[in-house]
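I have placed the structure first, in the form of structure tokens, so that the comments after it can refer back to it.
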Amino acid sequence: AKYSMKNILWITGNNFTVERGQQLIEEVISTWEIHESWLHSTEFLQEEELEHSRRYHYRVCWNIPTCRKPIPQATASVYFFIEISKIKP
């Protein structure tokens, strides 16, 4: 099977917000082939100030809660870092 990636339109640094970064991550995740039993939550962790940019840290945590075990026995996390230049638009 051939895999094709959805074209996601990223925004420029001037229009970036923490919320918009989270929406973009959700768009990326929506292209992944993940079984529907896996639920996830996306969390903003921190903003890191660098000399020429700002780096935004996010964590997406997956788990499979069930009626018998509403507190999952295992989780899987993916970390995203979005870096926005202070110099280039």
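Things to note:
- Extreme residue, least open to solvent (accessible area, probe 1.4 Å), among residues of the range 52-89 that are touching a residue at least 12 places away in the same chain (Cβ under 8 Å) and assigned to a loop (DSSP other than H, G, I, E, B): P65
- Hits in the range 59-89 - residues which are under 13 Å from S37 (Cα atoms) and among the polar types (S, T, N, Q): N63, T66, T75
- Cross-chain or 6+ apart pairs with Cβ under 7 Å, the range 1-19 first and open to solvent by 100 Å² or more (accessible area, probe 1.4 Å) and among the aliphatic types (A, V, I, L, M), then modelled with pLDDT of 80 or more and part of a helix (DSSP H, G or I): none
- Residue check for S37: under 10 Å from the mean Cα position of the chain (by Cα), in contact (Cβ under 8 Å) with a residue 12 or more places away in the chain and loosely packed, with under 14 Cβ neighbours inside 10 Å: no
- Residue tally, condition modelled with pLDDT under 95, within 30 Å of N15 (Cβ to Cβ) and among the basic types (K, R), over the range 40-89: 3
The values are calculated or read from the model by the stated rules, or taken from the named source; none is laboratory data. All of these numbers come straight from a predicted model, not from anything done at the bench. Cβ atoms come from the backbone with ideal geometry, glycine included; neighbour counts cover every protein chain shown. Heads up: the accessible areas ignore ligands, DNA and RNA and are worked out on the full protein's heavy atoms, side chains in. Shrake-Rupley method; radii C 1.70, N 1.55, O 1.52, S 1.80 Å.
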